[in-house]
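J.: Please see the structure below; I have some questions.
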Amino acid sequence: MPNSCRLVWVAFGTGKNYRHIEVHQILSRIGAEKSQALAFSHAFTCCDMVSFFSNRGKKSAWQAWQAYPEATDAFHALCSRPPDVPETVIETLERFVVLMYDRTSERQGVDAARRYLFTEKSREIGNIPPTAAALLQHTKRAAFQAGHI
């Protein structure tokens, strides 16, 4: 069978919920833009080589991405091996991370969201986003993973 006709499957679920899903079905549902940004999204939201966001997984990230589609452009930009992370992309990613931790927040930056969630919403330290400096380093690792590996 030629490569262009080969079907690719994703193993999904466990136990009696285990099944295989055709990748082309997933890609057609999420659209071309998001499918091209999936490599960075996967690396950014935790993979074998990049750390994870405390108490936030792929589902929280997907819900934030659905609520904040502007993140798609930032994810796509970081899939293409940039030499540095542009300031506009960092701002978009900070807003995305804020929404992962508090979907109703109006705050734009992670440092402001950390302060608000810790002092006014009494969140535990493990339930607040990382600092802006930590997020920048996390972003660089994820961009390297998505663009080079």
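Any read-out appearing in this document is the output of simple, stated calculations on the displayed coordinates, not a laboratory observation. Quick caveat, the model's predicted, so the values are computed rather than measured. Every residue, glycine as well, gets a Cβ built from its backbone with ideal geometry; the counts of neighbours run over all protein chains shown.
J.: Give me the extension gain from residue 84 to residue 133: residue separation times 0.36 nm, minus the current Cα-Cα distance, reported in nm with one decimal.
T.: Taking residue 84 through residue 133 to full extension adds about 16.2 nm, to one decimal.
J.: Explain nothing, just the number: relative contact order of segment 1-139, from Cα pairs under 8 Å at least 6 residues apart, as a whole percent.
T.: 18
J.: Using unit Cβ charges (K, R positive; D, E negative) and no other charged atoms, how large, in debye to the nearest 20, is the dipole of segment 32-148 about its Cα centre?
T.: That gives segment 32-148 a dipole magnitude of about 360 debye.
J.: In addition: To the nearest 10 degrees, how steep is helix 132-148 against the longest Cα principal axis of the chain, on a 0 to 90 scale?
T.: It works out to around 10 degrees.
J.: What number does segment 3-75 give for Rg over Rh if you use C-alpha atoms and the Kirkwood radius?
T.: 0.99
J.: Something else about it: With a sphere of radius 11 Å drawn around the Cβ of residue 131, what net charge do the other residues whose Cβ falls strictly inside it have (Lys, Arg +1; Asp, Glu -1)?
T.: 0
J.: Gain in length, residue 122 to residue 10, computed as 0.36 nm per residue apart minus the alpha-carbon separation, to one decimal in nm?
T.: Computed gain between residue 122 and residue 10 is 36.4 nm.
J.: Find how much the distance from residue 106 to residue 54 grows on full extension, using 0.36 nm per residue of separation minus their present alpha carbon separation; answer in nm with one decimal.
T.: 16.7 nm is the gain from fully extending residue 106 to residue 54.
J.: Let me ask something additional. Of 136, 27, 38, which has the largest mean-square fluctuation in a 10 Å C-alpha GNM of the chain?
T.: Of 136, 27, 38, the Gaussian network model singles out 27 as fluctuating most.
J.: Right, another one. Based solely on its DSSP helices, what 222 nm [θ] is calculated for the chain when runs of n ≥ 4 H residues each add -39,500 (n - 2.57) and the sum is averaged over all residues, nearest 500 deg cm²/dmol?
T.: One gets -16500 deg cm²/dmol as the mean residue ellipticity at 222 nm.
J.: So how compact is segment 91-149: Cα radius of gyration and Dmax in angstrom?
T.: Expressed in Å, the Cα Rg and Dmax of segment 91-149 come to 12.3, 41.
J.: Under a GNM of the chain (C-alpha, springs under 10 Å), which listed residue has the highest mean-square fluctuation: 25, 66, 137?
T.: 25
J.: Within the chain, what's the longest stretch lacking GluC sites (Glu not before Pro) that sit in DSSP loops with no more than 13 other Cβ atoms inside 10 Å?
T.: 1-69
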